[in-house]
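Read through the structure below, which is laid out as structure tokens, and then see the notes.
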Amino acid sequence: MHKIIFATHNAHKLLELKNILSGLYEVVSLDEMGIKEDIPETGETLFENASIKSRYVKEKLQMDCFADDTGLEVDALNGAPGVYSARYAGETATYEQNVEKLLLELGDTNHRSARFKTVISLLLEGKEYFFEGTVEGKIIFERRGSDGFGYDPVFMPDGYNETFSEMTMELKNSISHRGRAVQKLVAFLKEYHQEL
Ligand code: IMP
């Protein structure tokens with residue numbers, strides 16, 4: 001079976017992709033390949049960061065790989081925190097602190113529309129391909145739910161009355177930014193191999 005590297009240290013994301021691509025690819029993580037360091041995300045867009053990560057891995061291992069980068073865009077904050085979502089409240093900020101800052105910045109405004117965006121960069125046989133996934137929604141006034149991570153407790157996708165934190169993982173994955181980008185990646189890889 002072909003091997004493909006997923007440029008992540010996130011065990012949860014890895015398991016998800018291992019399952020989805022089983023039968024087509026053996027998905028291997030950075031840790032499994034002995035890359036322990038965090039790859040610096042120095043880009044100014046999600047595309048740049050995803051690309052920086054996949055190219056870093058390609059250079060080190062000379063193997064096909066993919067990487068993802070995600071940001072939350074809040075309209076009332078002119079698109080912030082965006083590409084800085086992981087470090088919104090500071091370089092070493094926790095999820096909790098980032099959510100706190102977001103709620104504080106929004107205050108009591110009713111203009112709360114927002115979206116999550118994921119970009120995946122795939123390096124396959126010397127070419128780069130990008131896949132994007134988006135989910136529209138709003139930032140609610142107080143945290144709700146206990147599952148998930150990051151901004152999940154305050155993000156309510158359009159068409160639902162639950163936050164990502166209140167949903168089952170299956171439901172979240174079926175409609176989320178990352179889930180949608182991954183669905184496109186998987187469809188592409190399946191077709192790519194059929195055509196070989
Ligand atoms: P990453 O690029 O996937 O590491 O995501 C950057 C940051 O966006 C994370 O540190 C989280 O704060 C946030 N984030 C990414 N995906 C999600 C999600 O599915 N739910 C909530 N927050 C997320």
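Remarks
Results for (1) out of contact with any Asp or Glu (no Cβ under 9 Å at 6 or more places or on another chain); (2) among the acidic types (Asp, Glu), shown as yes or no for each residue.
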| site | (1), (2) |
| --- | --- |
| GLY79 | no, no |
| GLN97 | yes, no |
| GLU105 | yes, yes |
| ASP108 | yes, yes |
| ARG115 | no, no |
| VAL119 | no, no |
| LYS127 | yes, no |
| GLU166 | no, yes |
| ARG180 | no, no |
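- Pairs, first assigned to a loop (DSSP other than H, G, I, E, B) and more than 13 Å from the ligand (Cβ to nearest atom) in segment 35-51, second charged (D, E, K, R) and open to solvent by 80 Å² or more (accessible area, probe 1.4 Å), C-beta under 9 Å, six or more apart: ILE35/LYS60; THR42/GLU48
- Among residues of segment 158-187, those that are in a helix (DSSP H, G or I), among the charged types (D, E, K, R) and open to solvent by 60 Å² or more (accessible area, probe 1.4 Å), counted: 4
- Meets criteria (open to solvent by 20 Å² or more (accessible area, probe 1.4 Å), away from the ligand (no atom under 11 Å from the Cβ), at pLDDT below 95 and over 22 Å from LEU17 (Cβ atoms)) for THR109: no
- Test set (1) open to solvent by 70 Å² or more (accessible area, probe 1.4 Å); (2) in a helix (DSSP H, G or I); (3) more than 12 Å from the ligand (Cβ to nearest atom); (4) over 27 Å from LEU185 (Cβ atoms) - LEU103 fails condition number: (1)
- Subset of segment 119-163 (residues that are in contact with a Ser or Thr (Cβ under 7 Å, 6 or more places away or on another chain) and within 10 Å of the ligand (Cβ to nearest atom)): VAL135, GLY148, ASP152, PRO153, VAL154, PHE155
- Among the conditions (1) surrounded by 19 or more Cβ atoms within 10 Å (Cβ to Cβ); (2) more than 12 Å from the ligand (Cβ to nearest atom), the only one that GLY71 does not satisfy is (2).
- Segment 1-54 - residue that is surrounded by fewer than 18 Cβ atoms within 10 Å (Cβ to Cβ) and hydroxyl-bearing (Ser, Thr, Tyr) and, of those, nearest to the chain's Cα centre (by Cα): THR45
The values are calculated or read from the model by the stated rules, or taken from the named source; none is laboratory data. For clarity, every value in this text was computed on a predicted model and none was experimentally measured. All Cβ positions, glycine included, derive from the backbone under ideal geometry; neighbour counts span all protein chains shown. With ligands, DNA and RNA removed, areas are computed over all heavy atoms of the protein, side chains included. Shrake-Rupley method; radii C 1.70, N 1.55, O 1.52, S 1.80 Å.
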